[in-house]
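Values quoted throughout were computed directly from the atomic coordinates according to the rules given, and no laboratory measurement underlies them. Being a predicted model, the structure only gives us computed values, none of them experimental. Please note: Cβ atoms are built from the backbone with ideal geometry, for glycine as well, and neighbour counts cover all protein chains shown.
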Amino acid sequence: MPAGNVLMVCLGNICRSPLAHGIFETLSQDFNIKVDSAGTANYHSGGQPDKRSQATALNHGIDISKQRARQFTVNDFDAFDYIYVMDRSNLRDVLALARTEKDRKKVALLLGHDEVEDPYYGGPEGFKIVYKKIDNACREIIEQWKN
């Protein structure tokens, strides 16, 4: 699998996808790519990532405080080679905007067949669990790029 620009997508772009954005950006520094994140909804457009996501990332040496939430658009299919979504609802919403089979082939669940659960309504422990799942998935992608 060749390296390419990566977009991470969740619902509001304040919890899971900012973490994924920060993790992947950190892990992919050896590649000349662009990494970004977006939400399928515009609930938080322009806002910073959730404070719990920021704290979780900082505990791993990653600062995501400069990220700003934005909504996924059809133009993202042109700007990114890989679009990783966090759950099946995000998958359905992103695929509904796909114009072509080429667009559709760019979209996948980050965890393959599993979902990254939304930690928004829980406590800090949920963010730690989500971080670990996302980190593992991002590391697997980077390993595939190296081979």
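Structure data summary
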item: Under 26 Å from Lys102, Cα to Cα: lysines that are on another chain or at least 8 residues apart; result: Lys34, Lys146
item: Simple spin-label estimate for Ser89 and Asn136 in nanometres, 7 Å along Cα-Cβ; result: 2.3
item: Listed peptides 62-74, 9-21 by packing density, highest first (mean Cβ within 10 Å); result: 9-21, 62-74
item: Full-extension gain in nm, Glu143 to Asp81, via 0.36 nm per residue minus C-alpha separation; result: 20.6 nm
item: Rg over Rh [alpha-carbon atoms, Kirkwood Rh] for region 6-146; result: 0.93
item: Gyration tensor (alpha-carbon) shape descriptor, region 22-88, a/c threshold 1.5; result: oblate
item: q = 0.12, 0.16, 0.17 Å⁻¹, region 57-126: log10 I(q)/I(0) [Debye, one scatterer per Cα]; result: -0.42, -0.71, -0.78
item: Förster-model FRET efficiency, 25 Å R0, Asn59 and Leu97, C-beta, rounded to 0.05; result: 0.15
